[in-house]
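The values are calculated or read from the model by the stated rules, or taken from the named source; none is laboratory data. If you're wondering where the values come from, they're calculated on a predicted model, not measured in any experiment. Note that each Cβ is placed from the backbone with ideal geometry, even for glycine, and that neighbours are counted across all protein chains shown. Surface accessibility is based on the protein's heavy atoms, side chains included, excluding ligands, DNA and RNA. Shrake-Rupley method; radii C 1.70, N 1.55, O 1.52, S 1.80 Å.
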Amino acid sequence: MGKKNNTSAYQHKKTPLLKDMQRHKWLYLMVLPGVLWMIIFCYLPMGGLVMAFQNYKLRIRGHSGIFSSFIYSEFVGLDNFKEFFTSKTVSFWSLFRNTLSISLLSLALFFPAPIILSLMLNELRCMPFKRISQTLVYIPHFVSLVIVASLTQQLFNSNDGAVYQLMEMFMGDGAPKVLTDPKFFNQLIVGQSIWKETGYGTIIFLAALSGVDMQLYEAARVDGAGRWRLMWHITLPAIRGTVVIMLIMKCGSILNTGFEQIYLMKNDLNASRAQVFDTYIYERGIVSGQYSVSAAAGLFKSIVSLILVLSANKIAKLCGESGFY
C-alpha cells in the first residue's frame, strides 16, 4: 500500500507542464499579465545593452530602422566604459559620491521608518482609530512626485515659504536655504521619501505581524512581560525574516536614487550634490544623444546592483536567515 502511494506521488510530481496548465488554467491566466509585463519591460530591453559596446547611431547611411542601427553600429569594445570612468566633464567619483551619500542616508533613516511605524500601529488597541491611522499614513504614497516637489518648494521658499519663515523666526539670518544649499540636498530628498513612502511601506510588515500567534503574547503576559518585552522578544523576531528580505532588496537599489524626484529638486545652485547616476544617464543619453555612454553607465549600475544583492543574500545565509534562495 505504501509503495502504491509513493508511486502515485512520484507520478504527480512528474505531471507534464501542459497538463498542469490545463488543470490550473485560471491561475495561469491570472499570472499571464504579470509575465507579459516582465517580458516586455524587463527582459526585451536588455537587448539594448549591446549599445554599451557600440558607437551606436540612430541613423546609419544606407540602412534604416532600429534593428539596423544595432546591427551596423560600430563595435568599440570597452571604450564607452573608459569614457564613463574618465570623463572630464562629469567626474565619475563625484557621481558615485553623490549617489552613495543619498543611498546610505536613505538606508539609515528611511529604511527603519516603516518598521518603526508598523510596530507603533501594531500596538494600537482601538481598532477604529487604528484603521483611520493606517488610511491616513497611506495617502501620501498616492501623491505625485511633481506635487511633492511643488509643496516642498512652496514650504521652503526663501521669499514666502511658511517653513522658512518659521525657521527665520528662531534662527534669524542664519536660517538655512534648504532648496539652494547643497549641504541640505540629501536630507531634503530623504525627508521627502520618508513623508511619502513610510506609510505605504508598513503594509508588508503589518501583513507579517498579522501571522504572529497570539498565544505567544498571552503566555508572555502570564510570565509578567510588559509591552516592551513583548515587542522585543515576540514582535521583532516575527518580522525579522521580512526585514532581512527587504534589506537585501534595498541593497540592490543602492545606486538607484530615483530620477524623477532628484531631477525635480535639482537646480543650478545645488547641482554639485544633485548630479547622480540617474540624472547623468538621462542628460548624457536622452538630452545629448550619447546613447552608448549612457548605456554603459546603466550596465555598470546593474552589475553593481547584482553583486550587492548576491553579497547581501550570502551574508544573510551565513547569519542563519533564509534569504532569497
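Taken over the range 173-248, the convex hull of the Cα atoms encloses 136 Å³ per residue. Using equal-weight Cα scatterers in the Debye expression, the normalised intensity of the range 68-119 in log10 at q = 0.16, 0.31 Å⁻¹ is -0.68, -1.06.
I want to verify a result. In a Gaussian network model of the chain, Cα cutoff 10 Å, which of these has the top mean-square fluctuation: Ile281, Ile132, Ile315? So, out of Ile281, Ile132, Ile315, the one fluctuating most is Ile132. Computed from label points 7 Å out along Cα-Cβ, the spacing between Tyr138 and Asp223 is 3.5 nm.
Taking only DSSP H segments of four or more residues, each worth -39500 (n - 2.57), what value at 222 nm results for the chain once the sum is divided by all its residues, to the nearest 500 deg cm²/dmol? The per-residue figure over the chain is -19500 deg cm²/dmol. Each label was represented as a point 7 Å from its Cα along the Cα-to-Cβ direction; for Phe96 and Leu166 these points are 4.0 nm apart. If Lys and Arg each add +1 and Asp and Glu each add -1, what is the summed charge of the other residues whose beta carbon sits under 15 Å from the beta carbon of Ile254? So the environment of Ile254 carries a net charge of +2.
Remark: spin-label model distance Lys19-Leu216 equals 4.1 nm, labels positioned 7 Å along the Cα→Cβ axis. Of the trypsin sites (Lys or Arg not before Pro) found in the range 92-160, the ones in coil according to DSSP and having at most 13 other Cβ atoms within 10 Å of their Cβ are Arg125.
Rank these by accessible area, largest first, 1.4 Å probe: Glu321, Glu168.
Working: Glu321 40, Glu168 80 Å².
Result of the area sort, largest leading: Glu168, Glu321.
The value for the range 97-203 of Rg(Cα) / (2.2 N^0.38 Å) is 1.24. Over all directions, the projected convex hull of the C-alpha atoms in the chain averages 27.9 nm² in area.
Normalised by residue number, the volume inside the convex hull of the Cα atoms of the range 187-290 is 126 Å³ per residue.
Mean separation of Cα pairs under 8 Å and 6 or more residues apart, divided by the residue count, gives the chain a relative contact order of 23 percent. Residue separation times 0.36 nm, minus the C-alpha to C-alpha distance between Ser288 and Leu151: what's the value? Once the chain is fully extended between Ser288 and Leu151, it gains 46.3 nm. Largest GNM mean-square fluctuation among Ile39, Ile248, Ile194, using the chain with Cα springs under 10 Å: Ile39.
Charge dipole of the range 129-193 (Cα centre as origin; +1 on each Lys and Arg Cβ, -1 on each Asp and Glu Cβ, all else neutral): 400 debye, rounded to the nearest 20. Taking the Cα centre of the range 32-106 as reference, the dipole from Cβ charges on Lys and Arg (+1) and Asp and Glu (-1) amounts to some 180 debye.
At a threshold of 8 angstrom on Cα-Cα distance, excluding pairs fewer than six apart, so keeping six or more, what relative contact order does the range 50-132 reach in percent? Mind showing how you got there, number by number?
On the way: 41 pairs, mean separation 16.7, N = 83.
So the answer I get is 20 percent.
Which value, in Å³ per residue, describes the convex hull spanned by the Cα atoms of the range 25-67? Display every interim value, and only then the final one.
On the way: hull volume 3.5 nm³, N = 43.
Cα convex hull per residue, to the nearest whole number: 82 Å³.
When the chain is described by a simple charge dipole with +1 on each Lys and Arg Cβ and -1 on each Asp and Glu Cβ, the residue from Leu306, Thr257, Phe156 located farthest towards its positive end is Leu306.
If the segment from Tyr72 to Tyr263 were pulled out straight at 0.36 nm per residue, it would be longer than the present Cα-Cα gap by 65.4 nm. With R₀ fixed at 35 Å, the C-beta to C-beta distance from Ile204 to Arg61 puts the FRET efficiency at about 0.05. Of the candidates Leu49, Leu308, Leu29, which one comes out as most mobile in a Gaussian network treatment of the chain with C-alpha springs shorter than 10 Å? Judging by the Gaussian network model, the answer is Leu29. The heavy atoms of Val76 offer some 40 square angstrom of accessible surface to a 1.4 angstrom probe.
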